[in-house]
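Before any comments, here is the structure.
The values are calculated or read from the model by the stated rules, or taken from the named source; none is laboratory data. This one's a predicted model, so the numbers in the text were calculated from it and none came from an experiment. Using ideal geometry, Cβ is built from the backbone for each residue, glycine included, and neighbour counts are taken over all protein chains shown.
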Amino acid sequence: HSPEQSNVTSYAATAVAIVTLEVFAGLWINAFIVSVICVAWVRKKTLNSNEKILLTLGCSRFWFLCITWVFFFLSLIYPNYLHVHPLFQLVESAQSFLNCSNFWVSACLCVFYCIKIANFRNSFFIYLKVKIDRMVPWLLLGSVLFSLVIGTIVYDIIDKAFCKNLNFTSQGRISKASISTEHFFAHSFIIGFGHAISFTAVIFSALLLLFSLWRHK
């Protein structure tokens, strides 16, 4: 092996080791949260609204970290495996689905606490405060379905880009990779749009909560 190859190999091994430690810490924290909520679920036979949101968020973050680690590991150690159709599309789609779920479920958590804690005399806000517990399962279902749509669209965009711009060998491996600018911007716009909506909901909920607490004080 040449010195350059040795340097690349040592860099890849070091990067994988560092990322593995970070991912393990995240997996342990989320697994602990999920296990605690599941134990409480078994004991009480029911879950309140914030526990439902935290359980969904913990599960989505756990699997997001797993998929991200697999993608990072393959991209550094076995990059050729990502060039096998449709592994790259599936990994990217799963990452987009789980990442979008994280953002949307986190937004649901912020909106839930805002409605529960904030105190406004607006009739619509009072209606939300009364009905929010019944709305939580539907909010979570909507978040998962929206994330699934995003993941499906991402898969379709990447798959079309690969079919249009990539040449495959007889083993089904990619021999030349060049995703068009059109597909790249479409992919980025979809991901950015989903994140922007959830981020706006978080910011709006935080501002409403701060304004309510300031008025109360």
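Numbers for the structure displayed
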{"item": "Odd one out for N80, checked against (1) surrounded by 15 or more Cβ atoms within 10 Å (Cβ to Cβ); (2) touching a Lys or Arg at 6+ places or on another chain (Cβ under 9 Å)", "result": "(1)"}
{"item": "Index of the failed condition, L47 passing every other in (1) within 30 Å of V136 (Cβ to Cβ); (2) of a type in the set (A, V, I, L, M, F, W, C); (3) in a helix (DSSP H, G or I)", "result": "(3)"}
{"item": "Criterion: touching a residue at least 60 places away in the same chain (Cβ under 8 Å) and aliphatic (A, V, I, L, M) - qualifying residue of L55, L82, L90, L27", "result": "L90"}
{"item": "Test: residue in segment 168-179 that is at pLDDT 60 or above, over 24 Å from F125 (Cβ atoms) and loosely packed, with under 11 Cβ neighbours inside 10 Å", "result": "no"}
{"item": "Selection status of I67, out of contact with any Ser or Thr (no Cβ under 6 Å at 6 or more places or on another chain) and either part of a loop (DSSP other than H, G, I, E, B) or over 20 Å from D159 (Cα atoms) (or both)", "result": "no"}
{"item": "Subset of segment 35-56 (residues that are within 18 Å of N99 (Cα to Cα) and of a type in the set (A, V, I, L, M, F, W, C))", "result": "I53, L54, L55"}
{"item": "Number of positions in segment 15-30 that are surrounded by 15 or more Cβ atoms within 10 Å (Cβ to Cβ) and under 17 Å from the mean Cα position of the chain (by Cα)", "result": "4"}
{"item": "Pick from segment 122-161, criterion surrounded by 19 or more Cβ atoms within 10 Å (Cβ to Cβ) and hydrophobic (A, V, I, L, M, F, W, C), ranking: nearest to N102 (Cα to Cα)", "result": "L140"}
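So that you can scan it fast, the table gives a plain yes or no per residue for (1) modelled with pLDDT under 90; (2) more than 18 Å from S49 (Cα to Cα); (3) basic (K, R):
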residue	(1), (2), (3)
F97	no, yes, no
S101	no, no, no
W104	no, no, no
C110	no, no, no
A118	yes, no, no
N122	yes, yes, no
L128	yes, no, no
M135	no, no, no
